[in-house]
Amino acid sequence: MTASHPTKRPTDATHLDEQDVDLPKELLNLPWIDVHNHAHTLSWEDRERYALSGCRSMIMVASGYHWTPYKPVEADDIRYLWDDAVNRRAAIERNHFFEAKLGLGIHTGVRIENPDELLTAMGDYCELEEVVAIGETGVTPSQHVSSWDVDHQRAIVQAQMELATEHDLPVILHTPNRSTDSGRSYRPGTGIPGYEKNTSLGCEPVLDGDNPALDAVKIDVKAMRDAGLDDRRVVASHADGNNTEYLMENTDCYLSYTIGHSWLIGVTAADVADAIDEYGPERIMIDTDCANVLRTDPFALKRAIFELYRYGIDEEAIRTVVLDNPREVFEFEA
Ligand SMILES: [Zn+2]
């Protein structure tokens, strides 16, 4: 009990000495890196939120899927997305101070008519200094509007991994999340509130096992090996409870937990803390995947820094996850 409190009768403050927690103030200013977002599709104000909350560097991923208006999709539609990101990147960096780099990829969530044209062009893009990753890409269990069989998808993914090997670039792997069953579905035709997507146009799955999300990751890992791409050059984004054990125990890939839309995929800072407890921080990252087509939170990564500490993760491990690992893999300057 602190004798010096002048309150008329004891308040909670009287007992605070007994509950003293040593909060590390350096977490307030710890810089962080978001290795997977689509910030070039966000508003100026959302990008400013990244800067205001201490984002040091980010990878803006341009790889299609949601932003190609025409179906079927042609190579030029994807090429436009790459060029849009290339066009705007420097201005975004100048506006907001953080280092903005690019990930360019061919995503298989929509079938592309002539993907070889993209693969041919991609080599030259890989030479650009601002392109620090290939992706996001990865076998997808079902497509939008028009199906893409698994063999073709795998070939596109593997070809990008071969380019990554050749150009010594890391790959941001899109690992599908296993959907969490909320126990109740929405009225037909309403879609998913918070996700700007005509879900009724989704095709029947091309992977039909019990766990297509994990089967897709296993195919990606085989493609990675066949492409001669080092495990340590692959960052599996959208890591979750369905793929963590497989990736941790069967590969040396990095796992990046997407926490910018937890309401949709169910992954939170608690999952990151559990993974750090179980496997250590050396192969773990966090990303936001913020995009204009989703209800997403540019502050998610900053919030996670505090959450991880509250969940018992020490400052050193938090720094490894949000700053050191991304810096090393993607060779950020800042
Ligand atoms: Zn994404």
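Laboratory data are not the source of any read-out in this text; all were calculated from the coordinates shown. These numbers come from a predicted model, not from an experiment. Because the Cβ atoms are built from the backbone with ideal geometry, glycine has one as well, and the counts that use them run over all protein chains shown.
Figures for the structure shown
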item	result
Of all residues in region 297-330 being touching a residue at least 40 places away in the same chain (Cβ under 8 Å) and hydroxyl-bearing (Ser, Thr, Tyr), the one that is nearest to the ligand (Cβ to nearest atom)	311
Breaking point among (1) part of a loop (DSSP other than H, G, I, E, B); (2) crowded, with 20+ Cβ neighbours inside 10 Å, for residue 189	(2)
Members of region 39-68 found to be within 12 Å of the ligand (Cβ to nearest atom) and out of contact with any strand residue (DSSP E or B) (no Cβ under 8 Å at 6 or more places or on another chain), listed by number	41, 66, 67
Test: residue in region 105-120 that is surrounded by fewer than 19 Cβ atoms within 10 Å (Cβ to Cβ) and on the phi > 0 side of the Ramachandran plot	no
Condition met for residue 78 (touching a helix residue (DSSP H, G or I) at 6+ places or on another chain (Cβ under 8 Å), within 16 Å of the ligand (Cβ to nearest atom) and in contact (Cβ under 8 Å) with a residue 40 or more places away in the chain)	yes
Some residue of region 268-287 being within 16 Å of the ligand (Cβ to nearest atom) and not charged (D, E, K, R)	yes
Residue check, residue 237 closer than 24 Å to residue 168 by Cβ, buried (at least 17 other Cβ atoms within 10 Å of the Cβ) and within 16 Å of the ligand (Cβ to nearest atom)	yes
